[in-house]
1. Please rank I203, I235, fewest neighbouring Cβ atoms within 10 Å first, as an exposure proxy.
2. Between F132 and E175, what is 0.36 nm times their sequence separation minus the Cα-Cα distance? Round to one decimal in nm.
3. What do you get for trypsin sites (Lys or Arg not before Pro) in region 96-146 restricted to DSSP loop and a cutoff of at most 13 other Cβ within 10 Å of the site's Cβ?
4. Order by neighbour count: F229, F71, F132, fewest other Cβ atoms within 10 Å first, most last.
5. Starting with the fewest neighbours, write out Y260, Y57 ranked by other beta-carbon atoms found within 10 Å of each beta-carbon.
6. Return the sequence-ordered ³J(HN,Hα) values of region 210-221 in whole Hz as given by the Karplus equation 6.51 cos²θ - 1.76 cosθ + 1.60 applied to θ = phi - 60°, using x for Gly and Pro.
7. Among (1) 44, 24, 16; (2) 32, 23, 16; (3) 29, 26, 18, which one is semi-axes √(5λ) of the Cα gyration tensor in Å computed from these coordinates?
8. Once you charge only the Cβ atoms, +1 for Lys and Arg and -1 for Asp and Glu, what is the size of the charge dipole of the chain about its Cα centre, to the nearest 20 debye?
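Rule-based calculations on the coordinates, nothing more; no lab input. All values reported here derive from a predicted model rather than from experimental measurement. Here Cβ is always computed from backbone atoms with ideal geometry, including for glycine, and neighbour counts include all displayed protein chains.
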Amino acid sequence: MSDIMSMLTTRAAEAEDVLNEYLPSETGYQKKVIEAMNYSLMAGGKRIRPVLMKEVYRLLGGKDAAVIEPFMAAIEMIHTYSLVHDDLPAMDNDEYRRGRKTTHVVYGPGMATLAGDGLLNYAYEVAMKSFFSGVKLPAYDGDIEDRTATALTILAEKAGIYGMVGGQCADIEAEGKKEVDSKELIFIHENKTAAMLESSMMIGAVLAGADKAQVLEIEQAARKIGVAFQIQDDILDVTGDEKELGKPILSDEKNEKTTYVTLHGLEESKKDVERLSKEAEDMLSKIEGSREFLIPLVDWMISRNK
């Protein structure tokens, strides 16, 4: 476990360097919103999404930083915008994230809302820089031949109403229900959590030169990873240690929130995490070199204790 954490730390630092290259300059009449954007974006974290993107890109033969790095920065900007908005008083009303005050506490709810909007929009401005890399990519055998355009489409769709936003919508709707069935809960997990992992890994594959069949299999593997990750989160809310987690346990029960554990029980939930993990790792094992870092990273993500 120490080896995977060491490798993750190194790769996260590399992703952080990429982010620094694309930070907007804090000048002009819009300076305050840009300050709030950068405050949010540089709050730390393990940078899992850009790390996954770069690793899949590397394993499948991608070599040009100018092609992948704009998308690495963009995916982290979109992830960060979602956290900024999640923390708002109208949503989860959280005062701390990653050990420091959330954006709305520091800059106010209005400016935090704009910072989230700014990050989402600026993500696409940054991603489009990949078009100007000067690198000639082979045609893609999917609906769009241009691989950069395909990657941009994936980025937009997985973050939108048929991806993360759709999952967040269903999650909010579920809060007001007395009963949520398994189908609805899986939809929430697949979209709110898994969609951005799918986006990361699919974009890495597309830009590296993978064909449509391989990209779709990577999408399925990432979906299983995302769902297993969220089920594990539900398990930890019941079995975790508050000090290790850094947050209270049994919060879902106190909030009368339906989770995978409340629907299926603890033991079945653990078995499903194990099953989904194995299925995802079996798919990823077809990629040469995936057992060096990619699969151990996935295993750590899913089997974590915090």
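1. Details: I203 33, I235 18.
Ordered by Cβ neighbours within 10 Å, fewest first: I235, I203.
2. Values: separation 43, 0.36 × 43 = 15.48 nm, distance 4.42 nm.
Working it through step by step, the gained length comes to 11.1 nm.
3. Numbers: sites: R97, R98, R100, K101, K129, K136; in loops: R98, K136.
Counting only loop positions with at most 13 other Cβ atoms within 10 Å, the trypsin sites (Lys or Arg not before Pro) in region 96-146 are R98, K136.
4. Details: F229 22, F71 31, F132 10.
In order of increasing Cβ crowding within 10 Å: F132, F229, F71.
5. Details: Y260 24, Y57 28.
Least to most surrounded, the residues fall as Y260, Y57.
6. Karplus values, whole Hz, x for Gly and Pro: 5, 7, 4, 4, 5, 4, 5, 5, 5, 4, 5, 4.
7. (3)
8. Working: 36 positive and 53 negative charges, 128 e Å.
Dipole of the chain, to the nearest 20 debye: 620 debye.
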